[in-house]
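Read the structure below first, then the notes.
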Amino acid sequence: MQVTQLTGGRGWLESAAAASVHRIDRQLGRLADVNDAGRSAEQANKNRAAWEDYKYRGGPWAPYALGADESVHCKGRAVDSDDWYNDAAAAVWRENGWRQTARYNDDRDEPWHGEYLPENDQHINDPEPAPATTNGDNMITIARWIKTGACYKVGPESIWYIGSQEELGAQQVLYGEMKNLDDVGFRAVIDSNFIPWAVVEQVTRGQVYGTNGRYWSRSAAEGEAGRAGTKRVQSSLDQVAKNLADVKVTLS
Ligand SMILES: [Zn+2]
């Protein structure tokens, strides 16, 4: 079995099923919801034992589960997803070949469980979009500065502070995987895009442009400077890290 890791830390699937989920991401414009994807034999057998304990021996409730020899999760072709509770999202999964195969009129019912059937996939021959590194989007980096935990979308002379997991998911669909960067890596991204360090602090604090003050670009700044008089902003990586110590930047 050829295995592919899903983006966004969502686990693994058999490669054809993973390619389908990544197409679903693009069609939804966000990361498809994945609670559980590929599963090890050990985990499947553990889940089966929990189910049997519940069903036959009065143990605590556990969802219906097949053992490793039968579970499609172990073949990397099943995903448990809350998108099935959302009609529009469910329609996208269906169009891409996924079916709810564990619907029962009893306590085995698992509406969240979907399996990939390539013969039903209407998008299986869709051309793959060029990877983010070979098209115009390679100007954009989703960067998380490890020192502060803050996450940014950075492009030429522009920076956007990403304040939530949901926003991060959408941005990763558009611009590729987030990179976790130490000081050296983060400095390289900020400096090579000609972004003043003081601006990194300002967008994190929501003090600049855009509806929530989290966006800065050179052109917006120059427009502002033209209106309000030029104000030089100077700082350093160390100074900004220190200044941001009091700002809660964890993705929520
Ligand atoms: Zn499942």
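Computed from phi, the 3J(HN,Hα) profile of the stretch 212-220 under the Karplus parametrisation 6.51, -1.76, 1.60 (θ = phi - 60°) reads 10, x, 9, 10, 9, 9, 4, 5, 5 Hz, with x in place of Gly and Pro. Taking each of 46/179; 153/248; 179/248 in turn, the alpha-carbon distance tops 25 angstrom for 46/179.
Each of 237, 117 was scored by other Cβ atoms within 10 Å of its Cβ. Listed from fewest to most, they are 117, 237.
Net charge dipole, the chain: roughly 940 debye, given to the nearest 20, about the Cα centre with Cβ charges of +1 for Lys and Arg and -1 for Asp and Glu. Across the alpha-carbon set of the stretch 136-246, the Rg to Rh ratio works out to 0.95, Rh being the Kirkwood radius.
Packing, taken as the mean count of other beta carbons within 10 Å per residue, orders the peptides 186-195, 89-98, 238-247 from highest to lowest as 89-98, 186-195, 238-247. Taking every C-alpha pair closer than 8 Å and separated by at least 6 residues, the mean separation divided by the residue count of the stretch 1-107 gives a relative contact order of 27 percent.
At 222 nm, what value in deg cm²/dmol follows for the chain if DSSP H runs of at least 4 each add -39500 (n - 2.57) and the sum is divided by all its residues, to the nearest 500?
So the calculated ellipticity at 222 nm is -10500 deg cm²/dmol.
Over the chain, all Cα pairs binned in 10 Å intervals from 0 give whole-percent P(r) values of 7, 25, 24, 20, 15, 7, 2, 0, listed from short to long.
Working note: Karplus 6.51/-1.76/1.60 with θ = phi - 60° gives the stretch 13-18 the couplings 9, 4, 4, 5, 5, 5 Hz, where Gly and Pro are set to x. Amide H to amide H, with H built 1.01 Å from N, residue 36 comes under 5 Å of 80, counting only residues 5 or more places away or on other chains.
Place +1 on the Cβ of every Lys and Arg and -1 on the Cβ of every Asp and Glu in the chain, take the dipole about the Cα centre, and give the residue among 196, 215, 125 whose Cα lies farthest towards its positive end. It is 196, whose Cα lies furthest towards the positive end. Applying the Karplus relation 6.51 cos²θ - 1.76 cosθ + 1.60 with θ = phi - 60° to the stretch 25-33 yields 3J(HN,Hα) values of 3, 5, 5, 7, x, 7, 5, 4, 6 Hz, where x marks Gly and Pro. Panel values: the stretch 1-147, Kirkwood radius from alpha carbon pairs, Stokes-Einstein at 4 °C and 1.567 mPa s, translational diffusion coefficient 78 µm²/s. Residues 211, 4, 141 in ascending order of nearby Cβ atoms (within 10 Å, fewest first): 211, 4, 141. Counting every pair of alpha carbons in the stretch 138-191, the share spaced more than 18 Å apart comes to 21 percent.
Rank the residues 199, 184, 3 as a footprinting-exposure proxy: fewest other Cβ atoms within 10 Å of their Cβ go first.
With the sparsest Cβ surroundings first, the list reads 184, 3, 199.
Using a Förster distance of 22 angstrom, determine the FRET efficiency expected from the C-beta separation of residue 2 and residue 95, and round it to 0.05. Efficiency, from the Cβ-Cβ distance: 0.40. Using modelled amide H (1.01 Å from N, peptide plane; none on Pro or chain starts), what sits under 5 Å from the amide H of residue 180, excluding residues fewer than 5 places away? Counting only residues 5 or more places away or on other chains, the set is 144.
Each reported figure results from applying straightforward, stated rules to the coordinates on display, with no laboratory input. Treat the numbers as computed from the prediction; the structure is a model and nothing was measured. Cβ atoms come from the backbone with ideal geometry, glycine included; neighbour counts cover every protein chain shown.
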